[in-house]
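Asks: Have a look at this one before I ask anything.
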2 protein chains.
Amino acid sequence: MSDLQRTQTCGQLRKADAGDEVTLSGWVDTRRDHGGVIFIDLRDRYGKTQIVFNPEHNAETHEAASVLRTEYVISVKGKVEERPEGMANPDLDTGEIDVMVDKLEILNSSETTPFEITGDTEVSTELRLKYRYLDLRRPQMQKYLTSRHKVYQITRRYFDSNDFVEIETPFLTKSTPEGARDYLVPSRINRGQFYALPQSPQLFKQILMVSGFDRYFQIVKCFRDEDLRAQRQPEFTQVDLEMSFVREDDVINMIEGLMVEIFKEVLGKEISAPFPRLSYHDAMNLYGCDAPDLRFEMTIKEITDIGAKSDFKVFKSVAESGGQIRGINAVGCASLSRKNIDELTSFVNQFGAKGLAWFKVDENGLTSQIAKFFNAELQKEIIERLNAAPGDLLLFVADKESVASQTLSQLRLNIAKSNGMINEEEFNLSWVVDFPLFEYNEEMDRNDSLHHPFTSPHPDDLKHLEDRPLDVRARAYDLVLNGVELGGGSIRIHSQEVQKKIFNLLNIDDATAQERFGFLLEALKYGAPPHGGIALGLDRMVTLLLGLDDIREVIAFPKTQKATCLMVDAPSDVDEKQLRDLGLSLLKPD
Amino acid sequence: MSDLQRTQTCGQLRKADAGDEVTLSGWVDTRRDHGGVIFIDLRDRYGKTQIVFNPEHNAETHEAASVLRTEYVISVKGKVEERPEGMANPDLDTGEIDVMVDKLEILNSSETTPFEITGDTEVSTELRLKYRYLDLRRPQMQKYLTSRHKVYQITRRYFDSNDFVEIETPFLTKSTPEGARDYLVPSRINRGQFYALPQSPQLFKQILMVSGFDRYFQIVKCFRDEDLRAQRQPEFTQVDLEMSFVREDDVINMIEGLMVEIFKEVLGKEISAPFPRLSYHDAMNLYGCDAPDLRFEMTIKEITDIGAKSDFKVFKSVAESGGQIRGINAVGCASLSRKNIDELTSFVNQFGAKGLAWFKVDENGLTSQIAKFFNAELQKEIIERLNAAPGDLLLFVADKESVASQTLSQLRLNIAKSNGMINEEEFNLSWVVDFPLFEYNEEMDRNDSLHHPFTSPHPDDLKHLEDRPLDVRARAYDLVLNGVELGGGSIRIHSQEVQKKIFNLLNIDDATAQERFGFLLEALKYGAPPHGGIALGLDRMVTLLLGLDDIREVIAFPKTQKATCLMVDAPSDVDEKQLRDLGLSLLKPD
C-alpha cells in the first residue's frame, strides 16, 4: 500500500504554492541529469511538474532516484519552490515552480515502451492499436477522449434542461426477419432462438412516445454487422431523441440549440443558428449528393441542351438518350497539366463515368481536344452557364443522372481539396430537407424507403402515394457538417392506417407486416400522438469537431480486423460445449 | 400536419394565466358530461388540465367533442378561465383554472385500452408487460422512469464535477474461454469466431488506468446469460468507476458522496456519511451473510459451548463434530403458536438446516420440548447470552457453519418482516470490508476468487498467500442498502508479479493466463499505477430508492420469458441462410 497520498495533481501547482509541502503521483515523462542533480518531468492526466532530486538537499532520495526511467510510476513528497529568475518555463502551466523532493516511492517500474508517449514521431496505426493502453497515455489522445467526455455531458445537460427524459432501450431485442446485417445473439434459455443487437432504438423510442413520455433522449450504442472501415465501426454511438406533438421545425430547432452549445463549450466557437436548409432536389442538382460540403461553392451546372446542339457525338447521344451533361467550373485550374487531367479521368472512372470532357478557358473561348465540336456561339453559352473566366478549367460528365451526380459530387470535392479551396477552420452546418419518401431500387425493380418505413409522408402528397409514389416527399431532415451527414430524422407516421399503406407500398404484405411490426401497428391503435425525432452519429461528430479524419481517434477501444493478443475486443474461438449449450454447431468450412 | 401547436403543457397553467389564449395537447384522461357541458381532464406527462366544451360558448366545437373517448389524443385551443368560487380542485396543480375550448383537433383515436391508464385497479403483470406501452403511460410508471432519469443525471454531474472522464468501453469484446455465462455474438467477417457481450467493463477500466486516465466512470449496460428472475435481468445497468493512486477510503468516500447527492436530489432525504463499516467476519458472525439488513438488530449469537454441556443429544453431537450452535432472539415472539413455529421449521429446511430448536422465555426460565435437557444453570447462560427476557422466543440452528449462517440469516429476515420489526421508511447504508481473497470451492476442491482474480490482497497478508491463502484478506468493499448488495469493488492488483501469482494460486497455468489475460499482464509491464474502483447496480439502486420490490418496475422494456407479439425484446427464430452466413447451423433438438 502506498505510503504517500497525493495532495495535488501534476497540473496544479503555481508560484503562489511556493513553500507548501505537497505529494504528487504520476509517470516519469523525461529525465535530465545536470550537474549531479536529477530533473524529472512528472506527468499525469492534468499536466506536468518538474521535480528535482538534489543530492545536497537529500542524498538518500537522490540515490533512490537514480533507477528512475521513463514511464516509471512514482509518488514524491517535497516542497514547492519558485524557480530562480529566468528559469521559468512558459510552455508549462506549472513552469514557475519546481518540487524539491524529500521522499520518493516507486509504485511501479516500466519496460521501455514500444513508442514514446509524448513524442510527436509517427507511429504506425497497427502498433498504436496493439499497444492501445500506451497510445491512450499520449496527451493528444487524452485530449480527444476528454473532449468526447465534454460532448456527452453538454448533450445530456442540454436535453435534461429541455425536459427530455433519458430512458434506456434494450440491447437484446427481437430479431426481425430480413435484418440481414443485425448481429445475432443466440439465447441459451430459448435454444434455437436469437436476439438481435439494435441498429437503432427507432421502434423503442416510438413506443415511448405512444407511452406519453413526450421527450426522450439517450446516448446509446448501436450495432451494424458490416465490414470495418476507417469511418465506420460495427458498434457506434448515437445521440438519439424523439419528441411528441412536434413538427419538423421543433426537432430542427432543438438540435440547432444543441450544436450551438457543443461548439461553444468544446471549441469556444460561436456558431449561428438557424442553419441554412437545402432541399434534397437542390442538393442533388447543385452538388450531386444529399450531404454536400458547403464550405466552397463550385456548384454543378447542366448543359444538356447545349451539348445536344454541338457536334460532339458523345454529348449528342447522351442528350438524345435521356441522359444528362453536367459539369463544374474548377476556377483558376486551367494550369492543370494533361497528366493531372488524366488522373482526374481515372478518378471519375471509379464512379462509373465513362469519361471526363474538359475545356480550358482563355481570352478566345474554350480550348481542348473537343473544343472544335462547339461553335463560338455554343462556347459562349457554356462559358456563361458556368460563370467561367479565362484561367478556369471546365469539367463535364455525360451520363445517366445517378452516375453524373455521384461522379461530379466526388470530382467537386477532389478538386477543392487538392487545390486548397476548403477553409479547414470552417464548420459549415446545414440541413437537407424534402427528401423523397421512396427511392427506386433498380436491381429489385421496386420502391424502397429512402430513410425507413416509419417516416411520415408529407400530408400534401398523401394523395399521390398510389399514383406517383416517387414524387411523394418525406417529412425527413438530415444534418450535414462539412459534407458529412451527422445524422437524420423525421416526423414519423402515427396513424395505423397510413403505416399499413406504407408497408403495402413497400411490398410488405399484411401477414409479414404483422409478424415484423405487429407490436407497432397494435400500439398505434391506442392513442399514438404525432411525433418525430432524430439520431446523430456521435463518433463522427466528435471526429469532425476535433478536425480529425479517422473516427478511431475518438474511440478508446476501436475494432480491428485482426485479433491481436493485446486487443480485448476482437472475436475469438469458443469451445464446442459452449456452442452445444446454445443449440448450435459450426459449419465445416467450404 | 397538426394545425394547433401546443403553447403549454397540461401541468402548467395557474390562476395567473387566466385570460390567456393557450393550446394544449394530450390524452383524454376522463370525460364527464354535466348539464350539457363536456368536461375533460386532458393528460400529458406533466399533469392534467380540465378543459371545457360548452355549447353556449362554442356549439360547433362542443358538437365535435361528442366523439371523444378515453385515450383519444387531441389538441385544443381556448381561453384560460379561473374556476368559480368553491369549484377549484386542490388535488390538481392546475385545479384553479379551466380551459374553455374554442378549437379542437383530434390527432388520433384510441380503442378501449385493456386496462385503465390512471386506475389503481390491480392489473396482472402479464397484461402489463404485453401492453407495456400503455403500462408506461400510467403516471406511476412515468414517475419511476423520471426518477431513474434523475439518478443518471445526478450521477454523471457528480462524477464530472469530480474530474472523472466518461469513456465508452466496447460491447463486442473478446470471448474468454470458460466464460460460460457470456452471451456470444457470432462474427460474420471472422466466420467461426465469436464476440462476447461484457459482464462488466472490468478489464477495460483497468486498462484505462494503465493509460493514465486517472478517474473513469460510465453508466453502462452489462450482460449475463442467466435465467430471468424478478430481481435479475440478463441485461442490467451498472454505475462503473475506477480511480488511480487511491486506497479503499478514496473510493468509499467518493461513493458516499454520490449516495448523499442521490438521496438528497431524488428523495429530498438527508443521509449522513460516513456509512458504518462492518468486517466480513463480523457480518457473517452477527448476521449470517455478507449483505446484512441493518434496519433491525436481532444479531446471531453462538451457544456451541453451552450446547456441549447440555443433555440434548443433537446439540452435543454437533458441538463435538466441529459444528456450530447459533441462534437468535425473536424479541416478544413467545406468543407464536406451535403452528407458526412449525412453519419456521419448514422455512429453515429449504436452506439445508435439519431442524430448528426453540425455547420460549418466561419468568421461570426456558420452556419447550427440549428445555428439560438444559439445567437451570445452562438455561440462565442461554438467557444471558441472548439478552433474553420473558416473552421472547429463542431459535437455534445446530449445523456446520455455512448452513447455520445462511439459515439464520434468512430466518432473521423472515421473523423481522413478518413481525413488523423493519422500518420501511428507513434507508440503511453500510459497507462490508475485509473480505477474504479466496473462498474454498468444495465441489471442485479448490480455492476460487471471492470477487475476481484482479482483486488486490491486503499487503500485510501477502506473506500468507502460499501457506494460508484462505486467511488472506482482499482489499475489497461492498456497499449494502437495506440488506441488498448495491455493488462492490476493490483495490486492484497493479503488479505483474502479484497478478501472476494469484493466477497460479487459482490453478490458472501460465499458458492459460497468457491466453485469457495476456493483454493485462502485458499492460502491467509498462507502468501500471495503483488503482481501484467499484461498480453499483443501478437497476437495484433505483428500485430500492423508490421503495419497490420488483426491479422490472424501473426498466422501460424488461425481458420476459415468453415472446409475446407485443414485446420487441424477446428472442425469435432466424432463417437458415442468416445462420449459414455466420458459419453456423442449428443442432437438431435431442
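Asks: Could you let me know the centre-to-centre spacing of the range A:51-125 and the range B:64-107, using Cα atoms, in angstrom?
Replies: Centre-to-centre (Cα) distance: 71 Å.
Asks: Still on this structure, I have one more. Any idea what the A:Asp93 label distances to the other copies are, label 7 Å down the Cα→Cβ vector, nm, shortest first?
Replies: Label-point separations across copies, in nm and ascending: 4.1.
Asks: By how many nm would the segment from B:Asp3 to B:Glu343 grow when fully extended, if each residue of separation counts as 0.36 nm and the alpha-carbon distance is taken off?
Replies: Details: separation 340, 0.36 × 340 = 122.40 nm, distance 6.63 nm.
That pair, B:Asp3 and B:Glu343, stretches by 115.8 nm at full extension.
Asks: Quote the convex hull volume per residue of chain B, based on C-alpha atoms, as a whole number of Å³. Write out the running numbers ahead of the final one.
Replies: Values: hull volume 142.3 nm³, N = 590.
So the per-residue Cα hull volume is 241 Å³.
Asks: Average projected area of the Cα convex hull of the range A:219-326, in nm²? Can you show the working numbers first?
Replies: On the way: hull surface 46.8 nm².
If you wrap the Cα atoms of the range A:219-326 in a convex hull and average its projections, you get 11.7 nm².
Asks: Taking just the C-alpha trace of the range B:15-108, give me its Rg and Dmax in Å.
Replies: 12.1, 35
Asks: As an exercise, use a Förster radius of 56 Å and the Cβ-Cβ distance of B:Glu63 and A:Tyr440 to find the FRET efficiency, rounded to the nearest 0.05. Numbers along the way, then the final one.
Replies: Working: r = 46 Å, r/R0 = 0.82.
Efficiency, rounded to the nearest 0.05: 0.75.
Asks: Sorted from fewest to most neighbouring beta carbons within 10 Å, what does the list B:Thr125, B:Thr455 look like? Mind dumping the intermediate values first?
Replies: Details: B:Thr125 14, B:Thr455 22.
Final ranking by Cβ density, sparse to dense: B:Thr125, B:Thr455.
Asks: Among B:Asn54, B:Gly35, B:Val73, which residue has its Cα positioned farthest towards the positive end of the charge dipole of the range B:15-108, with +1 placed on the Cβ of Lys and Arg, -1 on the Cβ of Asp and Glu, and the dipole taken about the Cα centre?
Replies: My answer, from the dipole projection, is B:Val73.
Asks: Put +1 on the Cβ of every Lys and Arg and -1 on every Asp and Glu Cβ in the protein assembly as shown; which of B:Ser456, A:Gln499, B:His149 then has its Cα farthest towards the positive end of the dipole?
Replies: After comparing all options, I get A:Gln499.
Asks: I'd like the FRET efficiency for B:Asp362 and B:Lys463, computed as 1/(1 + (r/R0)^6) with the beta carbon distance as r and R0 of 41 Å, rounded to 0.05.
Replies: The computed FRET efficiency comes out at 0.15.
Asks: What's the percent breakdown of Cα-Cα distances in the range A:89-230 across 5 Å bins, shortest bin first?
Replies: Distribution as computed: 2, 7, 10, 10, 12, 13, 12, 10, 9, 7, 5, 3, 2, 0 percent.
Asks: Can you list the HN-Hα couplings for the range B:5-22, worked out from phi with the Karplus curve (6.51, -1.76, 1.60; θ = phi - 60°), rounded to whole Hz and with x for Gly and Pro?
Replies: 10, 5, 9, 9, 8, 7, x, 9, 6, 10, 3, 5, 8, 3, x, 6, 8, 9
Asks: Here's another thing I want to ask about it. Can you list the lysines whose alpha carbon is less than 30 Å from that of B:Lys309, not counting same-chain residues fewer than 8 positions off?
Replies: Answer for B:Lys309, where 30 Å is the Cα cut-off: B:Lys301, B:Lys339, B:Lys354, B:Lys360, B:Lys372, B:Lys380, B:Lys400, listed by chain and number.
Asks: Let me know the Rg and Dmax you get for the range A:62-121 when you use only its Cα atoms, in Å.
Replies: Calculated on Cα positions, Rg and Dmax stand at 14.2, 38 Å.
Asks: Gap in Å between the Cα centre of the range B:197-241 and the Cα centre of the range B:507-564?
Replies: Comparing the Cα centres of the range B:507-564 and the range B:197-241, I get a distance of 4 Å.
Asks: Could I ask something else about it? Put a point 7 Å out from Cα along the line to Cβ at A:Phe115; what are the distances to that point in the other copies, in nm, shortest first?
Replies: 5.8
Asks: Go through B:Lys174/B:Lys500; A:Lys79/A:Lys143; A:Lys150/B:Lys150; A:Lys150/A:Lys269; A:Lys221/B:Lys174; A:Lys143/A:Lys559 and tell me which ones have a Cα-Cα distance over 25 Å in this structure.
Replies: Details: B:Lys174/B:Lys500 21 Å; A:Lys79/A:Lys143 29 Å; A:Lys150/B:Lys150 19 Å; A:Lys150/A:Lys269 15 Å; A:Lys221/B:Lys174 17 Å; A:Lys143/A:Lys559 21 Å.
Those over the limit are A:Lys79/A:Lys143.
Asks: So for B:Glu515, B:Glu235, fewest C-beta neighbours within 10 Å to most, what's the order? The partial results should precede the final answer.
Replies: Numbers: B:Glu515 14, B:Glu235 21.
In order of increasing Cβ crowding within 10 Å: B:Glu515, B:Glu235.
Asks: Still on this structure, please answer the following. Using only Cα atoms, locate the centre of the range B:472-504 and the centre of the range B:332-353, then give the distance between them in Å, rounded to an integer.
Replies: That distance is 37 Å.
Asks: Now for a different question. Once the Cα atoms of the range B:295-366 are picked out, what are the Rg and Dmax in Å?
Replies: That works out to 13.2, 37 Å for Rg and Dmax.
Asks: Right, something else. Would you order A:His458, A:His452 from fewest to most other beta-carbon atoms within 10 Å of each residue's own beta-carbon?
Replies: Details: A:His458 19, A:His452 16.
Ascending number of Cβ neighbours within 10 Å: A:His452, A:His458.
Asks: In the range A:119-228, what % of DSSP beta bridges are antiparallel (nearest 5)? Before the final figure, lay out the partial values.
Replies: Numbers: 6 of 8 bridges.
Here the antiparallel bridges make up roughly 75 percent for the range A:119-228.
Asks: While we're here: State the antiparallel share, in %, of DSSP beta bridges confined to chain B, rounding to the nearest 5.
Replies: Numbers: 92 of 99 bridges.
The antiparallel fraction comes to roughly 95 percent.
Asks: Near B:Lys313, which aspartates and glutamates are there with a Cα under 17 Å away, not counting those fewer than 8 places off in the same chain?
Replies: Within reach: B:Asp305, B:Asp399.
Asks: Whose amide H sits under 5 Å from the amide H of A:Tyr195, counting only residues 5 or more places off or on another chain, with H placed in the peptide plane?
Replies: Residues meeting the criterion, in which the H sits 1.01 Å from N, are A:Val185, A:Ser187, B:Ser572.
Asks: Assuming a viscosity of 1.567 mPa s and a temperature of 4 °C, what translational diffusion coefficient in µm² per second does Stokes-Einstein assign to the protein assembly as shown, Rh being the Kirkwood radius over Cα pairs?
Replies: Working: Rh = 34.8 Å.
The diffusion coefficient I find is 37 µm²/s.
Asks: Using 7 Å Cα-to-Cβ label points, what is the A:Ser200/A:Glu497 separation (nm, one decimal)?
Replies: 2.7
Asks: Calculate one ³J(HN,Hα) per residue across the range B:494-509 by plugging θ = phi - 60° into the Karplus curve 6.51 cos²θ - 1.76 cosθ + 1.60, and present them in order as whole Hz with x for glycine and proline.
Replies: 10, 9, 4, 5, 5, 4, 4, 5, 5, 4, 4, 5, 8, 6, 9, 6
Asks: With contacts defined as alpha carbon pairs under 8 Å and 6 or more residues apart, what's the relative contact order of chain B in percent? Intermediate values should be presented prior to the final figure.
Replies: Numbers: 1081 pairs, mean separation 73.0, N = 590.
Computed value for chain B: 12 percent relative contact order.
Asks: Further question on the same structure: Per residue of the range B:65-82, what does 6.51 cos²θ - 1.76 cosθ + 1.60 with θ = phi - 60° give for ³J(HN,Hα)? Whole Hz please, x for Gly and Pro, Karplus curve as stated.
Replies: 6, 4, 7, 5, 10, 3, 6, 4, 9, 9, 10, 10, 10, x, 10, 6, 10, 5
Asks: Select from A:Ile383, A:Gln406, A:Asn329 the residue farthest towards the positive end of the dipole of the range A:296-422; place +1 on Cβ of Lys and Arg, -1 on Cβ of Asp and Glu, and compute about the Cα centre.
Replies: The Cα lying farthest towards the positive end belongs to A:Gln406.
Asks: Report, to two decimal places, the Cα Rg of the range B:391-520 normalised by 2.2 N^0.38 Å (N = number of residues).
Replies: In units of the 2.2 N^0.38 Å rule of thumb, it is 1.35.
Asks: Continuing with the same structure: Over the range A:296-422, with a single point scatterer placed on each C-alpha, what log10 of the ratio I(q)/I(0) does the Debye formula yield at q = 0.12, 0.17 1/Å?
Replies: Once normalised to I(0) and log-transformed, intensities are -0.38, -0.81.
Asks: Would you mind getting me the FRET efficiency between A:Lys525 and A:Asn162? Use the beta-carbon distance for r and R0 = 30 Å, nearest 0.05.
Replies: On the way: r = 30 Å, r/R0 = 1.00.
Here the calculated transfer efficiency is 0.50.
Computed from the coordinates by the stated procedures, all read-outs in this text should not be read as laboratory data. All values derive from a computational prediction rather than experimental measurement. Cβ atoms come from the backbone with ideal geometry, glycine included; neighbour counts cover every protein chain shown.
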